[in-house]
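Visitor: Dropping the structure in here first, questions after.
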Amino acid sequence: RGETTGHTCSLILKAVADARGCDTALSMFEELERNKNVNKSFDAIVYNTMLSAFSKANDWVQTENIWRRMQHNGHSGTTVTYRLLVCTFVRCGLNELAIDAYHEMLWNGLTPGEDAMHAIIGACVKEGKWDLALTVFQNMLKCGLKPNLIACNALLNSLGKAGKLNLAFKVYDAMKSLGHAPDAYTCNALLGALNKVNQHADAIQLFENIRREQISVLSLQVYHTVLMSYQKLGLWERALQLLWQMEA
């Protein structure tokens, strides 16, 4: 009777995806899209329904396909749209696509949620874009959100590799103020940051402090990193002692 709405299409497509899979839902979506009477009722929620189905299946090809169709048909994404896009692309290792979706979200004047911001920090770190990762981290703090330990450690490691020692320790201070307890990954990132800027003696001092106060967080990788500090300073006797302590 011509009373179909976007909500109608969304409900049916979700039911079909749950019962018969994403491919069947996609066939129905394409059929509805070709129907001019129905197509005019399409809205962002319909596209989000399809994005959600493909996101659950980690099908990034169809996720991108629906996103491009949405753009082509003149529909603006919502916060949900971009959360689905960013998180799906990051899970599938498509960090550049995730960053593109994030930038489009900001361009459209939308505020990303906590899930999307955590995901985009990981994407930026993997792409070596520490500056964007730091901006997202700082924005989370300004919005009263709490970056998780994984995001903090990833950013610490990225800043350390870039030789941004002061920024790395500022993130470390922020991490502690959020109530996160440093773990082996945190310690290794800080030691690596000190080694990167040739502050090997400081790295050794930090390691000794950690060993006195939090020996439980020492991992094989942490020992390897401080052994590099000994190597750079030519402290082969202390390096041997550390090897014996590792064995003990």
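Visitor: Please enumerate the residues belonging to segment 149-186 that are open to solvent by 30 Å² or more (accessible area, probe 1.4 Å) and within 19 Å of Ala119 (Cβ to Cβ).
Guide: Within segment 149-186, Leu149, Ile150, Asn157, Leu178, His180, Tyr185 meet the criteria.
Visitor: Continuing with the same structure: Return a yes/no flag: does segment 128-140 have any residue that is open to solvent by 70 Å² or more (accessible area, probe 1.4 Å), of a type outside the set (Asp, Glu) and at pLDDT below 95.
Guide: If we filter segment 128-140 for residues that are open to solvent by 70 Å² or more (accessible area, probe 1.4 Å), which is where we start, we get 131, 138.
Of the ones still in play, those that are also of a type outside the set (Asp, Glu) are 138.
Subset that is at pLDDT below 95: none.
Within segment 128-140, none of the residues are open to solvent by 70 Å² or more (accessible area, probe 1.4 Å), of a type outside the set (Asp, Glu) and at pLDDT below 95.
Visitor: Taking Ser27, is it open to solvent by 20 Å² or more (accessible area, probe 1.4 Å) and part of a helix (DSSP H, G or I)? Walk me through it before giving the result.
Guide: On the way: open to solvent by 20 Å² or more (accessible area, probe 1.4 Å): yes; part of a helix (DSSP H, G or I): yes.
Here the answer is yes, as Ser27 does meet what is asked.
Visitor: In this structure, is Val16 under 26 Å from Gly113 (Cα atoms) and either open to solvent by 70 Å² or more (accessible area, probe 1.4 Å) or in a helix (DSSP H, G or I) (or both)?
Guide: Details: under 26 Å from Gly113 (Cα atoms): no; either open to solvent by 70 Å² or more (accessible area, probe 1.4 Å) or in a helix (DSSP H, G or I) (or both): yes.
When the stated conditions are applied, Val16 does not pass them.
Visitor: Another one. Pull out all pairs, ordered by first then second residue, where Cβ-Cβ is under 8 Å, the residues are six or more apart or on different chains, the first lies in segment 14-35 and is touching a residue at least 12 places away in the same chain (Cβ under 8 Å) and among the β-branched types (Val, Ile, Thr), and the second is open to solvent by 70 Å² or more (accessible area, probe 1.4 Å) and assigned to a helix (DSSP H, G or I).
Guide: Taking only residues 6 or more apart or on different chains, not a single pair turns up.
Visitor: Restricting the search to segment 196-209, which residues are open to solvent by less than 20 Å² (accessible area, probe 1.4 Å), closer than 25 Å to Ala151 by Cβ and touching a residue at least 24 places away in the same chain (Cβ under 8 Å)?
Guide: Ala203
Visitor: Output the residues belonging to segment 57-105 that are small (Gly, Ala, Ser) and crowded, with 17+ Cβ neighbours inside 10 Å.
Guide: Let us first name the residues in segment 57-105 that are small (Gly, Ala, Ser), namely 57, 74, 76-77, 93, 98, 101.
The answer is Gly77, Ala98, Ala101.
Visitor: Check off (1) in contact with a helix residue (DSSP H, G or I) (Cβ under 8 Å, 6 or more places away or on another chain); (2) assigned to a helix (DSSP H, G or I) for Lys170 and give me the number that stays unchecked.
Guide: Here Lys170 clears every test but (1).
The values are calculated or read from the model by the stated rules, or taken from the named source; none is laboratory data. Since the structure is predicted, the reported quantities are computational estimates derived from the model, not experimental observations. Cβ atoms come from the backbone with ideal geometry, glycine included; neighbour counts cover every protein chain shown. Surface areas here come from the heavy atoms of the whole protein model, side chains and all, with no ligands, DNA or RNA. Shrake-Rupley method; radii C 1.70, N 1.55, O 1.52, S 1.80 Å.
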